[in-house]
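The values are calculated or read from the model by the stated rules, or taken from the named source; none is laboratory data. A quick note: this is a predicted structure, and the numbers were derived from the prediction, not measured. For neighbour counting, all protein chains shown are included, and Cβ atoms are generated from backbone atoms with ideal geometry for every residue, glycine included. Each accessible area value is taken on the protein alone, full model and side chains, heavy atoms only, with ligands, DNA and RNA left out. Shrake-Rupley method; radii C 1.70, N 1.55, O 1.52, S 1.80 Å.
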Amino acid sequence: MIHNTERLLKSARLSKIQVIFTYLQALTDDCRDVSLDYKLSGDLSNLPGPSNPAKFLPGITPIDGEEICLPKTSCSVFQSTKL
């Protein structure tokens, strides 16, 4: 799956398609802003936060200053970001 994502990302960039990254990251270090569905999911209740930021996988990394990156705190990117 990661290999296919890398290929898709490369293809989008070559075609000048705007790439937008969303990633799981709490807005507070104690995760009090994380949605209930994440809190009930066990491991997802303790997301990376401001003092321990989320990391992208090698090969699936945004280009700094060129691609949009939006942290999200719920399952829906539309519910917890500015999209």
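Projecting label points 7 angstrom from Cα along Cα→Cβ for GLU67 and ASN4 puts them 1.8 nm apart.
Estimated from helices alone, the mean residue ellipticity of the chain at 222 nm is -6500 deg cm²/dmol (sum of -39500 (n - 2.57) over DSSP H runs with n ≥ 4, per residue).
Listed by chain and number, the lysines placed with their C-alpha closer than 18 angstrom to that of LYS39 are LYS72; residues fewer than eight positions away on the same chain are left out. The calculated FRET efficiency for the pair LEU57 and ILE20, based on their C-beta separation and a Förster distance of 25 Å, comes to about 0.90. Overall size of the chain from C-alpha positions, given as principal axis extents largest first: 39, 25, 23 Å. Taking the Cα centre of the chain as reference, the dipole from Cβ charges on Lys and Arg (+1) and Asp and Glu (-1) amounts to some 320 debye.
Helix 2-14 axis versus longest C-alpha principal axis of the chain: approximately 60°, rounded to the nearest ten. Put a plus charge on the Cβ of each Lys and Arg, a minus charge on the Cβ of each Asp and Glu, and nothing anywhere else: the dipole of the range 35-83 about its Cα centre is then about 180 debye. Selection among GLN18, LEU57, CYS31 by position relative to the dipole of the range 1-58 gives GLN18 as farthest towards the positive end (Cβ unit charges, Cα centre). Listed values for the range 17-24 are Karplus-derived 3J(HN,Hα) couplings in whole Hz (6.51 cos²θ - 1.76 cosθ + 1.60, θ = phi - 60°), namely 8, 5, 9, 10, 9, 10, 8, 7, and x replaces Gly and Pro. Ranking THR73, THR5 by solvent-accessible area of protein heavy atoms (1.4 Å probe, all protein chains present), from largest to smallest, gives THR5, THR73. Taking amide H as placed 1.01 Å from N in the peptide plane, ASP33 has its amide H under 5 Å from the amide H of LEU27, THR28, each at least 5 places away in sequence or on another chain. Computed over the chain, relative contact order equals 36 percent, with contacts defined as Cα pairs under 8 Å that lie 6+ residues apart. If amide H atoms are built 1.01 Å from N in the plane of the peptide, which residues on other chains or at least 5 residues away come under 5 Å of the amide H of LEU24? Correct list: LYS72.
Hey, any idea what % of the chain's accessible area is carbon plus sulfur with a 1.4 Å probe? Taking all protein chains in place, the chain shows 58 percent carbon and sulfur surface.
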